[in-house]
Structures are given as structure tokens and as C-alpha cells.
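Below is one structure, written out as C-alpha cells; the observations come after it.
The values are calculated or read from the model by the stated rules, or taken from the named source; none is laboratory data. Fair warning: this is a prediction, and the values are worked out from it, not measured in the lab. Neighbour counts are summed over all protein chains in view; Cβ atoms, including those assigned to glycine, are modelled from backbone coordinates with ideal geometry. What goes into the accessible areas is simple: the full protein's heavy atoms, side chains included, and nothing from ligands, DNA or RNA. Shrake-Rupley method; radii C 1.70, N 1.55, O 1.52, S 1.80 Å.
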Amino acid sequence: MAMAGATCIAFSAILVRLADVPPSTAAFYRCLYALPPLALLAWWERHRFGPLGRRALRLSLVAGVFFMGDLVFWHHAIAAVGAGLATVLGNIQVVIVPLAAWALLREKPAGRTLASVPVVLFGVVLISGVIGAEAYGSSPALGVLYGVLTAITYAGFLLILREGSTDLRRPAGPLFYATLSAAIVTLPVGAGLGELELRPTWPEHGWLVLLALTSQVVGWLLIAAALPRLPAALTSVTLTLQPALSVVFAVILLDEDPSSVQLAGVAVIIGGVVLATAGRRSRPYTEAEQLRDVAQPGSAPALGAGGRRFESGRPD
């Protein structure tokens, strides 16, 4: 399930490129087309477990604002530096989330996480095109900036949603409200940027429907269900498949051609991700731990307590 989910979300940036619509338009319709299946799942959760709490609802709506920023920045990064490299850059949230939690929530990260920061930053520099020649992308440095902003806004999304989600049994409800909020907020933002096209066209919207169903719904649900039950070492290896596969798929399907220095940056960042996430737990969660901890919509793994919060992967 985890590998299938990672493969689904590895196609996210590929589908954004194939849709070939402005960044805000892709963000809006990706959310809009995901709402019907998420609404059905949220209704099932409500019928089985009762309504979502008011606090969880409010925080899910606020988290959706950050999710909107994450998608818009990420889609700009895809346009500037390519689908594969933009996906790798988005995964540096693995480092940003625990650092933000340390600063804002006084949750001190593990030594491995702190050690991974300079490793990941060096990989970002390699992708930016500052070192070496013939860097891939229309604007690699700008793409890196958008990629870092993607990771920051995604980290905000994860932290806020985690604060309002306390029940592993109902992952679809918070994701539905966050996705609804993101779709609504994208409308004025996209209009202000002059990037919003509200007239569906074919085949562009066929790619967007596929993006919404595979990444926003199926891919995320597979990963959210599988990873809380896996040992940490296997979790880290599985999740690094997503950015690695994105680069490979972009080369094969989109003829993207990152330079050797940029590919080295990809390897360095993935290595930093493994360093930051490996060794978190030596066994799968027990049933009691699964009910105690939180599987966050938007992050591939569970974001629970006791040092198990911050793993890699994004269902974008």
C-alpha cells in the first residue's frame, strides 16, 4: 500500500505539467475535483464516528489556506525548474517541520534531524544552478525559491492540521475541509495573480481530474493507512521513492534533462531526508498508539507524539 501510494503521488508533478494550465488554475481544480470523493469518505466517517469537533474543523479550514500556498508555490516551481526537481525541493519540508515545531511548539527535534539540515541545504544549492553549468529549467534559482516556499507553507499546513486532528480513524474529514478551504482561497489569489482560468478545456482537465483522484485522494489515503504501521527504516526507504521516482518519470515522460550537478543535489537531498527520518521507531504502532497519534492529511506518514512526528513524503 505504501509503495503504491508513493508511486501515485510521484506522478503529481508530471500530471501538472501535462495539464499545461496556469499554476493557480491547476491548484484550484486539483482541489475542486477531489472534493466529491473526499466528501463521501468524510460523510462515512461522520456516520460511523460522529461529527468532527469544532476545533478540528476550524484548524482544518486554516490549514487549507497554507495548503493553497503550498500548491501555488509548488506549481510555479514546476514551471521554473521542472517536475522532478520541484518535487524533490518540496520534500525538504521534512527538515522544516521539526525546526518550526521546535521554534513554535518547543518540541526539540532529534539529533539526526539537526544533522540533516546542512546536508539538505547543500542539495538545494546544487539544484539551484549556482554551481556548475547548463542547469535545467527556465529559471533554476527562482524554481529553488518557489520550492523552499512550497516546503515552508506545507510545513505550516502540517503543523496546523496536526493540532486539530487527534483521531486516526477519521483522516478524510480534516482533509475534506482543508481541501475545500484551499479551493475557495485559491479563487481570489489566482484572480489577483491573473492565473485563474475557469472554463474547462480538454484534455487539460482530464489530466487535472486524474491528478485530483490519484494524488489528493487515492495516493494520500494509501500512504496514510500504511505508513503508521511500518517500522521507521522501511518508512524512510519507501517514502524516498516518491521524489526519486518523480525525477525518473520526468526524464522519461517529459524529456526533462537535469544537469549532473542537479542530479547530485537530488541524491544529497534524498540522503538528508533519510538521515532526518530513519531510526524513529523500531516497530510498527500498536493499536493504542495508532489511536493516540495522528495521521495527517497532506503528509504521507503519521505525525504522532513522542518523536515519531516528522517523516518524509507529500501527496502532491
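Here are a few things to note about the model shown:
- Spans of helices (runs of 4 or more DSSP H) in region 43-118 with at least 1 residues open to solvent by 60 Å² or more (accessible area, probe 1.4 Å) and modelled with pLDDT of 90 or more: 54-81
- Filter pass, residue 288 being in contact with a helix residue (DSSP H, G or I) (Cβ under 9 Å, 6 or more places away or on another chain) and either assigned to a helix (DSSP H, G or I) or modelled with pLDDT under 90 (or both): no
- Exactly one residue out of 152, 127 is farther than 16 Å from residue 268 by Cα and among the β-branched types (Val, Ile, Thr), and it is 152.
- Region 210-225: number of residues that are at pLDDT 80 or above and within 18 Å of residue 175 (Cβ to Cβ): 10
- Flag for residue 148 being open to solvent by 10 Å² or more (accessible area, probe 1.4 Å), farther than 16 Å from residue 220 by Cα, at pLDDT 95 or above and of a type in the set (A, V, I, L, M, F, W, C): no
- Residues in region 178-216 that are open to solvent by 10 Å² or more (accessible area, probe 1.4 Å) and over 16 Å from residue 69 (Cα atoms): 15 in all.
- Test: residue in region 128-141 that is of a type outside the set (A, V, I, L, M, F, W, C), out of contact with any Phe, Trp or Tyr (no Cβ under 6 Å at 6 or more places or on another chain), under 30 Å from residue 35 (Cβ atoms) and surrounded by 24 or more Cβ atoms within 10 Å (Cβ to Cβ): no
- Filter result for the condition that a residue is open to solvent by 20 Å² or more (accessible area, probe 1.4 Å) and under 18 Å from residue 213 (Cα atoms), over 21, 16: 21
- Filter pass, residue 141 being within 17 Å of residue 82 (Cβ to Cβ), of a type outside the set (Ser, Thr, Tyr) and either in a helix (DSSP H, G or I) or in contact (Cβ under 8 Å) with a residue 24 or more places away in the chain (or both): yes
Okay, residues lined up against (1) part of a helix (DSSP H, G or I); (2) of a type in the set (S, T, N, Q):
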{"site": "146", "(1), (2)": "yes, no"}
{"site": "160", "(1), (2)": "yes, no"}
{"site": "186", "(1), (2)": "yes, yes"}
{"site": "195", "(1), (2)": "no, no"}
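- Extreme residue, modelled with the highest pLDDT, among residues of region 162-178 that are in a helix (DSSP H, G or I) and in contact with a Pro (Cβ under 8 Å, 6 or more places away or on another chain): 178
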